[in-house]
Each structure stands twice: as structure tokens, then as C-alpha cells.
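Q: Got a structure for you, written out below as C-alpha cells; questions coming shortly.
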Amino acid sequence: MRPSTPATSAPFDATRHARLSLEDQKLVDGARDILMRQRALNEEEAYTLLSEMADKRRTGMADISLQLINITKRLTV
């Protein structure tokens, strides 16, 4: 399992996003894009939803993003 990245329920924060490793940024961006397409959300809404999901499950943004990406892949095969 990946080390967790602290999550907050704050809206999209470019500074916070920039502090993530490049790998984690790619995961968060991928999950955000999935939410934007599936739920017709804008970038900020999708990022906020990811953050809330991470907070609720007490995990990091990268972890919840990886879970969302993996579940989406399984469901769309």
C-alpha cells in the first residue's frame, strides 16, 4: 500500500497539489478527471469530492485516487 498523503476538505489548492510527488499528482489528476466525466463536475468540485472521500476514509488523496482509478477500470472492462 502507498504511504498516505494528508487530505483536507478544502477546495482545490494548487500549492498543495504541487507538493504532491509527480506520481501522486498523476493519480489525483486521473481520479479528478474520472469524477469530472462521470458526474459532470468542474475541476474544483471534483478535487473537493476527492478530498472529502479521503477525509471520510481517513486516507490520503493519492490512496483514494488509486482506489477510484482501479474500481473504474474494473467496471469499464
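The values are calculated or read from the model by the stated rules, or taken from the named source; none is laboratory data. Here the structure is a predicted model, which is why all the values come from computation and not from measurement. When we count neighbours, we look across all protein chains shown, and the Cβ atoms used for this are built from the backbone with ideal geometry, even at glycine. Heads up: the accessible areas ignore ligands, DNA and RNA and are worked out on the full protein's heavy atoms, side chains in. Shrake-Rupley method; radii C 1.70, N 1.55, O 1.52, S 1.80 Å.
Q: Calculate the spin-label point distance for GLU44 paired with ARG74, positioning each point 7 Å from the Cα along the beta-carbon direction, and give it in nanometres.
A: 3.4
Q: Here's something else I'd like to know. Quick one: Karplus J couplings for the range 33-49, per residue in order, coefficients 6.51, -1.76, 1.60, θ = phi - 60°, nearest Hz, x for Gly and Pro?
A: 4, 4, 5, 4, 6, 6, 10, 6, 9, 7, 4, 5, 4, 5, 4, 4, 4
Q: Given a 1.4 Å probe and the protein chains all in place, what does the accessible area of ASP33 round to, in Å² to the nearest 10?
A: 60
Q: A further question follows. Mind putting a number on the dipole of the range 31-77 about its Cα centre? Charges go on the C-beta only, +1 for Lys and Arg and -1 for Asp and Glu, and I need it in Debye to the nearest 20.
A: Dipole magnitude for the range 31-77 comes out near 300 debye.
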